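Scroll down for the structure; my scribbles are underneath it.
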Amino acid sequence: QVQVVESGGGLVQPGGSLRLSCAVSGSMFTIYTMGWYRQAPGNQREFVADLTRGGTPDYADSVRGRFTIARDNAKNTVTLQMTSLKPEDTTIYYCKANTNFSEYWGRGTQVTVSS
């Protein structure tokens, strides 16, 4: 059974930084893409960033230049370093992992940007 577990959310002041982590375990197949999405209550889940195995990162316009995604292929982990955080970044962040056959989601971690 594949498990996707996020960690690292919390409360931070505007302009501050936070680092999210995600670990994927239990997959029999290669994890090709790992990424982050976010969803505020009442809104659709939106893309934040992702990174293919051996590829280049992709970012949403709203976070480009402020967030950095990185992964460890050997450990099936992905991180999201978030800097210059804004109140509008407040929401639940979800990790997603894709194999050739399936996609897997974590349960999410709350990020709150507030003074």
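Extension gain, Gln13-Phe29: 0.36 nm per intervening residue step, less the Cα-Cα distance, totals 1.8 nm. If the chain linking Ser21 and Ser115 were pulled fully straight, counting 0.36 nm for each residue of separation and taking away their Cα-Cα distance, it would gain 31.5 nm. Taking the chain as a Gaussian network of alpha-carbon nodes connected by springs under 10 Å, the highest mean-square fluctuation of the residues Phe101, Phe47, Phe29 belongs to Phe101. Please report the carbon-and-sulfur percent of the accessible area for the chain; probe 1.4 Å, protein heavy atoms only, DNA, RNA and ligands left out. For the chain, the apolar C and S fraction of the accessible surface comes to 46 percent.
Heavy-atom accessible area per residue, the chain, 1.4 Å probe: how many Å²? Could you put the intermediate results ahead of the total?
Values: 6300 Å² over 115 residues.
Accessible surface, normalised per residue, equals 55 Å².
Approximating the spin labels as points 7 Å out from Cα along Cα→Cβ, the Gln81-to-Asp61 distance works out to 2.6 nm.
The values are calculated or read from the model by the stated rules, or taken from the named source; none is laboratory data. Everything numeric in this text was worked out from a predicted model, so none of it was measured. When we count neighbours, we look across all protein chains shown, and the Cβ atoms used for this are built from the backbone with ideal geometry, even at glycine. To get the accessible areas, we keep the full protein, side chains included, count just its heavy atoms, and leave off ligands, DNA and RNA. Shrake-Rupley method; radii C 1.70, N 1.55, O 1.52, S 1.80 Å.
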